[in-house]
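Undergrad: Here's a structure for you.
The values are calculated or read from the model by the stated rules, or taken from the named source; none is laboratory data. Please read all numbers here as calculations on a predicted model, not as lab measurements. With ideal geometry, Cβ positions are generated from the backbone for all residues, glycine too; neighbour counts draw on all protein chains shown.
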Amino acid sequence: MVPVVGKALEAAIAVLFIGLLTTVLLGGVVPDHRAAVGHELADRTLATATDRVETTAVVPESAVVGSRRADVDLPRTIRGSSYRVVYVPNATFGGGSNATAPALVLDHPNDAFDRQVPVTLPESVTVSGAWDSGNDCVVRVVVGDDGATLELTNEPVSGGTDE
């Protein structure tokens, strides 16, 4: 009978250890890590979007009429939720400041992941549109007689259905 009791105690200790480890990981460590990854991904997403917009918006002075487009590779979701990137011409930066500047704003359902980054564009460029994260994102610049127009657009996901 003694070996049976010993094995039962060993099994109980193993189950208790696994339960305690699972509770610690799922109760604190894993959610904190997922939130940190979500914040990092939101920062990198907006930095990538801003870089592509600023790079594409630069129009050579010799350009009279024409257009160009660039694909913007953004993640489909941040922390499991879709999001939106919009251009705001007069975003406010700083808590008590009245200073405003053009910015790209990441709007996420969880406000903790919302971000805004100032964007530097030539004065002759006007901006329209927004990006929804579920589709392929494209920035398009059209140069006409009245200046340049930069448009943030979505295209259907390339390749049809996901497999």
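Undergrad: Hey, does region 117-140 have a residue that's of a type in the set (Asp, Glu), over 20 Å from residue 43 (Cβ atoms) and buried (at least 17 other Cβ atoms within 10 Å of the Cβ)? Walk me through it before giving the result.
TA: Quick first cut of region 117-140, residues of a type in the set (Asp, Glu) only: 123, 132, 136.
Okay, now just the ones that are also over 20 Å from residue 43 (Cβ atoms), so 123, 136.
With the extra rule that they be buried (at least 17 other Cβ atoms within 10 Å of the Cβ), the set shrinks to 136.
Checked region 117-140: at least one residue is of a type in the set (Asp, Glu), over 20 Å from residue 43 (Cβ atoms) and buried (at least 17 other Cβ atoms within 10 Å of the Cβ).
Undergrad: Checking residue 79 against (1) basic (Lys, Arg); (2) over 26 Å from residue 147 (Cα atoms); (3) at pLDDT 90 or above, which test does it fail?
TA: The number of the failed condition is (3).
Undergrad: Tell me yes or no: at least one residue of region 21-41 is farther than 30 Å from residue 139 by Cβ, over 30 Å from the mean Cα position of the chain (by Cα) and aliphatic (A, V, I, L, M).
TA: yes
Undergrad: Scan region 58-70 residue by residue and report those that are of a type outside the set (Gly, Ala, Ser) and either within 20 Å of the chain's Cα centre (by Cα) or surrounded by fewer than 16 Cβ atoms within 10 Å (Cβ to Cβ) (or both).
TA: Step one: filter region 58-70 for residues of a type outside the set (Gly, Ala, Ser), giving 58-61, 64-65, 68-69.
Once the filter is applied, which keeps residues that are of a type outside the set (Gly, Ala, Ser) and either within 20 Å of the chain's Cα centre (by Cα) or surrounded by fewer than 16 Cβ atoms within 10 Å (Cβ to Cβ) (or both), region 58-70 yields 58, 60, 61, 64, 65, 68, 69.
Undergrad: Give the residues of region 74-104 that are surrounded by 13 or more Cβ atoms within 10 Å (Cβ to Cβ) and without any contact (Cβ under 8 Å) to a residue 24 or more places away in the chain, sorted by residue number.
TA: Passing the criteria: 92, 100, 101, 103.
Undergrad: Here is a list: 138, 105. Which entry is β-branched (Val, Ile, Thr), more than 12 Å from the chain's Cα centre (by Cα), modelled with pLDDT of 85 or more and part of a strand (DSSP E or B)? Explain how you work it out, then say what you get.
TA: Details: 105 fails: more than 12 Å from the chain's Cα centre (by Cα).
That would be 138, the only listed residue that is β-branched (Val, Ile, Thr), more than 12 Å from the chain's Cα centre (by Cα), modelled with pLDDT of 85 or more and part of a strand (DSSP E or B).
Undergrad: Taking the criterion of being in a strand (DSSP E or B) and in contact with a Leu (Cβ under 8 Å, 6 or more places away or on another chain), would at least one residue in region 90-102 satisfy it?
TA: As a first pass, look at region 90-102 and keep what is in a strand (DSSP E or B): 90-92, 100-102.
Now restrict to residues that are in contact with a Leu (Cβ under 8 Å, 6 or more places away or on another chain): 102.
Yes, region 90-102 has at least one match.
Undergrad: Taking residue 68 and the conditions (1) touching a Phe, Trp or Tyr at 6+ places or on another chain (Cβ under 8 Å); (2) modelled with pLDDT of 85 or more, which numbered condition does it fall short on, given that it satisfies the others?
TA: Result: residue 68 fails condition (1) only.
Undergrad: Being out of contact with any helix residue (DSSP H, G or I) (no Cβ under 7 Å at 6 or more places or on another chain), of a type in the set (Val, Ile, Thr), more than 30 Å from residue 155 (Cβ to Cβ) and surrounded by 10 or more Cβ atoms within 10 Å (Cβ to Cβ) is true for just one of 45, 55, 50, 23. Which residue is that?
TA: Numbers: 45 fails: more than 30 Å from residue 155 (Cβ to Cβ); 55 fails: more than 30 Å from residue 155 (Cβ to Cβ); 50 fails: more than 30 Å from residue 155 (Cβ to Cβ).
Criteria check complete, one pass: 23.
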